[in-house]
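Take a look at the structure set out below.
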Amino acid sequence: MTAVKPFSLAKSRRTIQWMVVIGTLVIGLRHIMPGEASRGGSFDSFCAFGGIETILPFLFTGHTLKSTNLLNFSVQLGTLGVSLVAGRAFCGWLCGLGAIQDFITQWTRKFIGEKRHIRGRQSTAIFPLRLPSILDHPLRYAKYLVLTVVLIASLFMAFPPLRDFCPVRAVFGLHMTALLWVTLAVFLAGSVLVERFWCKYLCPLGATLAIFNKLSPVRLVLDNHHCNGCGRCDIECSMGIADVPHHLDHPECVRCMECLNTCAVNGSLILIYEKEKK
Ligand code: SF4
Ligand code: SF4
Ligand code: SF4
């Protein structure tokens, strides 16, 4: 077991998230330039979920769905590689949509009621809300339903089933349709109301990656001798995981490391690399 020293994780994560957002916007911009789409492939072919949307048709017919191609499988393999090593770190660090939701939460807190957020202290802003568990818990399963529907639908469709309602295309694609405008409005409103709304309830890629939190060697562990149960980590958890110190392998954890950054007692949470889990 090797302990990984926490350096300025929050700053590094924010920088990486901005780079991903700008990079994804460049892909979107390039796609709408005259003549560029045909050379660079469609915007959809860079999508990490596109590989999952087209896997069943590819296995059955040998062809990918329209607007996807073999590049989707490469992007998907890269995502799976990150997940095998570090669980859902893709969601916490490398997903443009996850980043946009984090920024929206930050800006919402700032503009609706809170001048400065003090880490580990309950936000005084009205939004984003934390839904009561009676609503929140069942809604978390909706993303698995979305994943199942998309996989089945992919066998009967010419284009990726999520394409017309995909928030990634709505935010970054720069090629809007009426349905994508509606998707964008729902996505923005949802993200203002509930932190990481799309990730928690609807994202089929998040549903696919959830299993990797149980397998990955890079993960957080708790040192019971240090933790004083102050609950600061629960307050900062963007995915709203209850009792974070005892649920560090939770399928909803996006490995953002905000709990580690916020923890008041040095050594309570430790980022480790451990090849074989006990
Ligand atoms: S759950 Fe989906 S939208 Fe959220 S960060 Fe993960 S892949 Fe991105
Ligand atoms: S448990 Fe920690 S690493 Fe996981 S989502 Fe919550 S704050 Fe981020
Ligand atoms: S892990 Fe840290 S922040 Fe969380 S309850 Fe324990 S001491 Fe508090």
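No value in this document is a laboratory result; all are computed from the given coordinates. Just so it is clear, the model here is predicted, and its values are computed rather than measured. As a convention, Cβ positions derive from the backbone with ideal geometry for all residues, glycine included, and neighbour counts pool all protein chains shown.
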For this session: State, to one decimal in nm, how far the label point of residue 66 lies from the label point of residue 114, with both points 7 Å from Cα in the Cβ direction.
Result: 4.6
Exercise. Can you work out the FRET efficiency for the pair residue 106 and residue 139, with r the C-beta to C-beta distance and R0 = 25 Å, to the nearest 0.05?
Worked result: 0.65
Exercise. Percent of alpha carbon pairs in the chain separated by more than 26 Å?
Worked result: 44
Problem set entry | Spin-label model distance (nm) - residue 177 vs residue 273, 7 Å beyond Cα toward Cβ | 4.5
Problem set entry | Pairwise centroid distance, computed over Cα atoms, of segment 95-121 with segment 238-262, Å | 17
Exercise. So what is the relative contact order for segment 2-210, in percent, with contacts set as C-alpha pairs under 8 Å and at least six apart?
Worked result: 25
Exercise. Near residue 11, which aspartates and glutamates are there with a Cα under 16 Å away, not counting those fewer than 8 places off in the same chain?
Worked result: 102, 236, 258
Exercise. Rounded if a/c is under 1.5, else prolate if a/b beats b/c, else oblate: with a ≥ b ≥ c from the C-alpha gyration tensor eigenvalues square-rooted, which is segment 137-278?
Worked result: prolate
Exercise. Where does the charge balance sit around residue 203 when Lys and Arg score +1, Asp and Glu -1, over other residues with C-beta under 10 Å from its C-beta?
Worked result: +3
Problem set entry | Ranked packing of 156-167, 193-204, most packed first, by mean Cβ within 10 Å | 193-204, 156-167
Exercise. Any idea what the relative contact order of segment 65-159 is, in percent, if you count C-alpha pairs under 8 Å spaced at least 6 apart?
Worked result: 25
